[in-house]
1. From Cα pairs below 8 angstrom and at least 6 apart in sequence, can you work out the relative contact order of the chain, rounded to a whole percent?
2. Return the FRET efficiency for the residue pair residue 220, residue 407: r is the Cβ-Cβ distance, R0 is 56 Å, and the value is rounded to the nearest 0.05.
3. Indicate, rounded to the nearest 5 percent, the antiparallel portion of the DSSP beta bridges found entirely in the chain.
4. Count neighbours as other Cβ atoms within 10 Å of each site's Cβ, and list the GluC sites (Glu not before Pro) in region 389-428 that are DSSP loop with at most 14 such neighbours.
5. Once both axes come from the Cα atoms, what is the angle between helix 203-220 and the longest principal axis of the chain, in degrees from 0 to 90, rounded to 10?
6. Using Cα pairs under 8 angstrom and six or more residues apart, how large is the relative contact order of region 349-427, in percent?
7. If you place +1 on the Cβ of every Lys and Arg, -1 on the Cβ of every Asp and Glu, and leave all else neutral, what size is the dipole of the chain about its Cα centre, to the nearest 20 Debye?
8. Using the beta-carbon distance between residue 25 and residue 351 and R0 = 41 Å, what value does 1/(1 + (r/R0)^6) give for FRET efficiency, to the nearest 0.05?
Amino acid sequence: MAQVSPAMPPDLRFSSPLEYDRMLRAAHEKTLAGAPQPGISPAVQQSWQRSLAAGINPDAHLPRHLHEVSEIVSLRRAHILQAVMPALSELLADESTDGQHLLVMADAGGEILWRVGSASVLRRADTLEFVEGADWSETGIGTNAISEAVINGRTAQLFSAEHLVRTHHAWVCTASPIRDPATGLVVGVLTVSGPLNTVSVDSVRMVKVGVRLAEELLRSRPPAARPRPATPPGLVSLELLGGSPTVIRADGQRMPLTLRRAEILALLDSRARGFTADELAYEVHGETGAASTIRIEMHRIRLILGSLLESGPYRLAPAAQGVSDVARVLRLVREGQASAALDVYTGPLLERSTARAIEPLRAELTAAVGSLVRVSGSADLIRRWCATEMGCGDAEAVRELGRLRGLADPGYLALRARLERLDREAGA
């Protein structure tokens, strides 16, 4: 539970929720303006800073959507908590016409899988995209009870303006992780959320009771019948070239990557010995980078890669090394297969990335392919190379084409004219 200073008695959230809400909102504004207030606990303020660094906008932010609602049905069916949801719904949910609170179950990373509540409270939740498939981790929507339970592994309650995003200030949320008794691993996060007037001194206790019930039900099931969190199938390819980074798994599933996670994976793909969290924070974010932000992203990446992501330092497991499209291009360059390398090299490495560490990797890849093409002795390959986004400014390749085909060759003249135009535009 968020800690509150003596100047802002925590029991006000139960005895005078509206007054407590007013005090917290004032503290929220002053803290974000650069004057930290004792009414906002240090832990919550640290979470705010991580969220802001991840690009969360307190004024207008909606969560990322990891899956469509239509895909959630199959995710639920395979989830270990599928069998305990009926009992939890009976214990904690209120689907009556007057029901005001919402029972929510998220997976271990904070993606919402189940919601149970009245039609009216579901509609209110819809306005915040507090819906199935939405990412309510810290990097997905900012500080909230689910994200705190995910990061800290313990019960959290956030009231009003303890949430970073202002549209959440009308809500109070209590969340607690559920662990598989057989492994000790967190398999979900149980949450009860509702308007401020739904909070009571029993809110935390009731959520903890729900967690104990879920864990007892999991413990009592026969071992052979107890499902385990699915291990991600083997990795077939890590697609990092162009503007749509994707993981392709052995079961054929394509899993799009956020740009930040793709940047981290590109770095891991570039160095077999890996990186520490501090090193990755600096490479991705520069001087303002925080290891805690990287650890949160690593948690999400691990949900995709499973044991293919190793820790201490962070690195790709041997089975995941060399499976990226970048690695395939470099392998073909080393083998001298210029035409095949051009077939695979379809776009710049993470073309939308501005991370300080990506540009050298991008330049290195372009230089490797360009060098191979220039020494190939093939005018056709040079034309193909110069027609790409990566090779369009390769003056050495254009000169080599002129040497091979003559300075009067129409293709050479067209490429030289384009280079001159690019030079003029660069100097303008």
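All of the numbers you see were taken from the coordinates with simple rules; none came from a lab. The structure displayed is predicted, hence computed values, not measured ones. All Cβ positions, even for glycine, are placed from backbone atoms using ideal geometry, and neighbour counts span all protein chains on display.
1. Working: 720 pairs, mean separation 47.5, N = 428.
Contact order relative to length: 11 percent.
2. Values: r = 83 Å, r/R0 = 1.49.
Once the sixth-power term is evaluated, E becomes 0.10.
3. Details: 35 of 36 bridges.
Here the antiparallel bridges make up roughly 95 percent for the chain.
4. On the way: sites: 389, 396, 400, 420, 425; in loops: 389.
In loop regions of region 389-428 (DSSP not H, G, I, E or B), the sparsely surrounded GluC sites (Glu not before Pro) are 389.
5. Orientation of helix 203-220: about 70 degrees from the principal axis.
6. Numbers: 50 pairs, mean separation 16.4, N = 79.
That works out to 21 percent.
7. Values: 47 positive and 49 negative charges, 144 e Å.
Charge dipole of the chain: 700 debye, to the nearest 20.
8. Details: r = 42 Å, r/R0 = 1.02.
Efficiency at R0 = 41 Å is approximately 0.50.
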